[in-house]
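Working notes, structure below.
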Amino acid sequence: MTDSHAETRTLVLLRHAKAEQGSEGTDDAERPLSARGEADAAAAGAWLAHRDLLPDVVICSTARRTRQTWHGVAMGMAGSPPEGGPTGPRPTVRYEPGAYDAHPEELLALVRTADSAARVVLLIAHNPGVSLLSAFLDPETVDEEGLRTAELAVHRGVSAWTEWGRGGAPVAQRHTARG
(Lines give C-alpha, C1' and ligand atoms only; values in the text may rest on other atoms or scores of the structure.)
Protein backbone atom coordinates (compact mmCIF):
# COMPACT_ATOMS: atom_id res chain seq x y z
CA MET A 1 0.00 0.00 0.00
CA THR A 2 1.30 3.45 -0.88
CA ASP A 3 1.09 6.71 1.05
CA SER A 4 -1.44 8.06 -1.47
CA HIS A 5 -4.04 5.66 -0.06
CA ALA A 6 -4.02 7.57 3.25
CA GLU A 7 -4.61 10.96 1.66
CA THR A 8 -8.10 12.37 1.61
CA ARG A 9 -9.77 12.54 -1.79
CA THR A 10 -12.77 14.72 -2.44
CA LEU A 11 -15.49 14.00 -4.98
CA VAL A 12 -17.85 16.88 -5.64
CA LEU A 13 -21.08 15.79 -7.29
CA LEU A 14 -23.00 18.55 -9.05
CA ARG A 15 -26.36 18.18 -10.69
CA HIS A 16 -26.46 20.53 -13.68
CA ALA A 17 -28.04 23.93 -13.16
CA LYS A 18 -31.62 24.80 -14.16
CA ALA A 19 -32.26 24.33 -17.88
CA GLU A 20 -34.87 25.75 -20.22
CA GLN A 21 -37.88 23.56 -20.86
CA GLY A 22 -37.48 21.65 -24.09
CA SER A 23 -39.85 22.42 -26.91
CA GLU A 24 -41.38 19.74 -29.08
CA GLY A 25 -38.79 18.31 -31.41
CA THR A 26 -35.86 19.61 -29.33
CA ASP A 27 -33.29 17.01 -28.40
CA ASP A 28 -33.14 16.82 -24.57
CA ALA A 29 -29.32 16.84 -24.66
CA GLU A 30 -29.41 20.24 -26.42
CA ARG A 31 -31.48 22.12 -23.82
CA PRO A 32 -29.58 25.26 -22.68
CA LEU A 33 -29.41 26.70 -19.19
CA SER A 34 -32.00 29.23 -18.13
CA ALA A 35 -30.91 32.66 -16.86
CA ARG A 36 -31.38 31.37 -13.31
CA GLY A 37 -29.29 28.31 -14.18
CA GLU A 38 -26.43 30.49 -15.40
CA ALA A 39 -26.48 32.49 -12.15
CA ASP A 40 -26.69 29.32 -10.05
CA ALA A 41 -23.72 27.73 -11.86
CA ALA A 42 -21.56 30.79 -11.16
CA ALA A 43 -22.71 30.77 -7.52
CA ALA A 44 -21.72 27.09 -7.24
CA GLY A 45 -18.25 27.94 -8.56
CA ALA A 46 -17.84 30.78 -6.08
CA TRP A 47 -18.91 28.46 -3.25
CA LEU A 48 -16.33 25.86 -4.31
CA ALA A 49 -13.56 28.48 -4.55
CA HIS A 50 -14.35 29.92 -1.12
CA ARG A 51 -13.98 26.43 0.35
CA ASP A 52 -10.77 25.65 -1.52
CA LEU A 53 -12.50 22.88 -3.48
CA LEU A 54 -10.94 23.70 -6.84
CA PRO A 55 -11.01 20.53 -8.93
CA ASP A 56 -7.96 18.81 -10.36
CA VAL A 57 -10.22 16.83 -12.69
CA VAL A 58 -13.67 17.69 -14.05
CA ILE A 59 -15.82 14.91 -15.52
CA CYS A 60 -18.74 16.44 -17.36
CA SER A 61 -21.62 15.04 -19.35
CA THR A 62 -21.66 16.16 -22.98
CA ALA A 63 -25.21 17.53 -22.74
CA ARG A 64 -25.39 21.26 -23.46
CA ARG A 65 -26.75 22.15 -20.01
CA THR A 66 -23.91 20.32 -18.21
CA ARG A 67 -21.23 21.91 -20.42
CA GLN A 68 -22.80 25.32 -19.75
CA THR A 69 -22.94 24.49 -16.03
CA TRP A 70 -19.19 23.75 -16.05
CA HIS A 71 -18.53 27.04 -17.88
CA GLY A 72 -20.52 28.95 -15.25
CA VAL A 73 -18.81 27.11 -12.38
CA ALA A 74 -15.38 27.90 -13.87
CA MET A 75 -16.32 31.58 -14.22
CA GLY A 76 -17.62 31.62 -10.63
CA MET A 77 -14.40 30.05 -9.35
CA ALA A 78 -12.26 32.53 -11.28
CA GLY A 79 -14.15 35.60 -10.15
CA SER A 80 -14.73 34.86 -6.49
CA PRO A 81 -11.47 35.52 -4.59
CA PRO A 82 -10.55 39.18 -4.06
CA GLU A 83 -7.15 38.55 -5.68
CA GLY A 84 -8.93 38.07 -8.99
CA GLY A 85 -9.02 34.31 -9.31
CA PRO A 86 -7.86 31.00 -7.96
CA THR A 87 -4.23 30.06 -8.21
CA GLY A 88 -2.86 26.75 -9.33
CA PRO A 89 -3.09 24.67 -12.46
CA ARG A 90 -6.25 24.50 -14.51
CA PRO A 91 -8.21 21.29 -14.09
CA THR A 92 -8.19 18.51 -16.62
CA VAL A 93 -11.69 18.57 -18.14
CA ARG A 94 -13.14 15.40 -19.61
CA TYR A 95 -16.42 15.61 -21.51
CA GLU A 96 -17.91 12.13 -21.23
CA PRO A 97 -20.85 11.04 -23.42
CA GLY A 98 -21.36 8.14 -20.99
CA ALA A 99 -22.28 10.56 -18.18
CA TYR A 100 -25.52 11.50 -19.94
CA ASP A 101 -28.44 9.38 -18.75
CA ALA A 102 -25.97 7.24 -16.76
CA HIS A 103 -26.70 4.85 -13.93
CA PRO A 104 -24.75 5.40 -10.70
CA GLU A 105 -22.46 2.44 -11.44
CA GLU A 106 -21.51 4.02 -14.78
CA LEU A 107 -20.79 7.37 -13.12
CA LEU A 108 -18.68 5.66 -10.46
CA ALA A 109 -16.76 3.86 -13.21
CA LEU A 110 -15.89 7.29 -14.68
CA VAL A 111 -14.74 8.56 -11.26
CA ARG A 112 -12.56 5.48 -10.83
CA THR A 113 -10.63 6.49 -13.97
CA ALA A 114 -9.53 9.82 -12.43
CA ASP A 115 -5.80 10.48 -12.27
CA SER A 116 -4.45 8.94 -9.06
CA ALA A 117 -2.72 12.24 -8.23
CA ALA A 118 -6.03 14.16 -8.29
CA ARG A 119 -7.21 15.22 -4.85
CA VAL A 120 -10.49 16.89 -5.94
CA VAL A 121 -12.73 15.56 -8.72
CA LEU A 122 -15.85 17.40 -9.86
CA LEU A 123 -18.52 15.30 -11.59
CA ILE A 124 -21.27 17.26 -13.38
CA ALA A 125 -24.13 15.01 -14.41
CA HIS A 126 -27.88 14.41 -14.35
CA ASN A 127 -30.57 12.95 -12.15
CA PRO A 128 -31.37 10.33 -11.21
CA GLY A 129 -27.84 8.95 -11.70
CA VAL A 130 -25.88 11.63 -9.82
CA SER A 131 -28.27 11.53 -6.83
CA LEU A 132 -28.17 7.74 -6.75
CA LEU A 133 -24.36 7.83 -6.83
CA SER A 134 -24.36 10.17 -3.83
CA ALA A 135 -26.66 7.77 -1.96
CA PHE A 136 -24.46 4.81 -2.95
CA LEU A 137 -21.33 6.49 -1.60
CA ASP A 138 -23.06 7.51 1.64
CA PRO A 139 -26.19 5.44 2.35
CA GLU A 140 -26.52 7.05 5.80
CA THR A 141 -27.44 10.51 4.48
CA VAL A 142 -29.82 9.68 1.67
CA ASP A 143 -32.07 12.56 0.66
CA GLU A 144 -35.23 11.04 -0.79
CA GLU A 145 -35.67 14.02 -3.14
CA GLY A 146 -32.16 13.67 -4.53
CA LEU A 147 -29.94 16.52 -5.62
CA ARG A 148 -31.73 19.64 -6.81
CA THR A 149 -30.50 21.62 -9.81
CA ALA A 150 -27.12 23.23 -9.07
CA GLU A 151 -26.83 21.30 -5.79
CA LEU A 152 -23.39 20.14 -4.69
CA ALA A 153 -22.67 17.04 -2.59
CA VAL A 154 -19.10 16.92 -1.31
CA HIS A 155 -17.95 13.37 -0.56
CA ARG A 156 -14.65 12.58 1.16
CA GLY A 157 -12.78 9.31 1.30
CA VAL A 158 -9.26 8.00 1.85
CA SER A 159 -9.29 5.21 -0.73
CA ALA A 160 -7.65 5.50 -4.12
CA TRP A 161 -10.16 6.53 -6.80
CA THR A 162 -10.05 3.00 -8.21
CA GLU A 163 -11.25 1.63 -4.87
CA TRP A 164 -14.22 3.91 -4.22
CA GLY A 165 -17.36 1.93 -3.49
CA ARG A 166 -20.57 1.64 -1.49
CA GLY A 167 -20.49 3.52 1.79
CA GLY A 168 -16.85 4.53 1.36
CA ALA A 169 -17.19 8.29 1.02
CA PRO A 170 -19.48 10.12 3.43
CA VAL A 171 -21.05 13.46 2.56
CA ALA A 172 -18.97 16.19 4.20
CA GLN A 173 -21.02 19.13 2.90
CA ARG A 174 -24.04 19.90 0.75
CA HIS A 175 -24.93 23.20 -0.82
CA THR A 176 -27.63 24.37 -3.17
CA ALA A 177 -26.46 27.26 -5.27
CA ARG A 178 -29.24 29.75 -5.84
CA GLY A 179 -28.42 33.01 -7.60
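The values are calculated or read from the model by the stated rules, or taken from the named source; none is laboratory data. Everything quoted here is computed from the prediction, not taken from an experiment. Here the Cβ is made from the backbone with ideal geometry for all residues, glycine too, and neighbour counts use every protein chain on show. Side chains included, ligands, DNA and RNA excluded: accessible areas come from the protein's heavy atoms. Shrake-Rupley method; radii C 1.70, N 1.55, O 1.52, S 1.80 Å.
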Determine the share of the stretch 46-179's accessible area contributed by carbon and sulfur atoms, expressed in whole percent, with a 1.4 angstrom probe.
51
Long-range HN-HN contacts of residue 138 with modeled amide H, under 5 Å
167
Determine the shape class of the stretch 7-46: with a ≥ b ≥ c the square roots of the Cα gyration tensor eigenvalues, call it rounded for a/c under 1.5, and otherwise prolate if a/b is greater than b/c, oblate otherwise.
oblate
Expected sort for 163-174, 42-53, 101-112, 21-32 on mean C-beta neighbours within 10 Å, highest first, is 42-53, 101-112, 163-174, 21-32
What is the set of long-range amide H partners of residue 173 at a cut-off below 5 Å, with H atoms built 1.01 Å from backbone N?
154
Where the convex hull is taken over the Cα atoms of the chain, what is its projected area averaged over directions, in nm²?
10.0
The ³J(HN,Hα) series, computed from each phi in the stretch 139-146 with the Karplus coefficients 6.51, -1.76 and 1.60 at θ = phi - 60°, rounded to the nearest Hz and given as x for glycine or proline, is x, 6, 10, 5, 9, 4, 7, x
Rolling a 1.4 angstrom probe over the protein heavy atoms, how many square angstrom per residue are accessible across the chain?
49
When a/c reaches 1.5 or more, the comparison of a/b and b/c decides; with that in mind, is the stretch 82-179 rounded, prolate or oblate per its Cα gyration tensor?
rounded
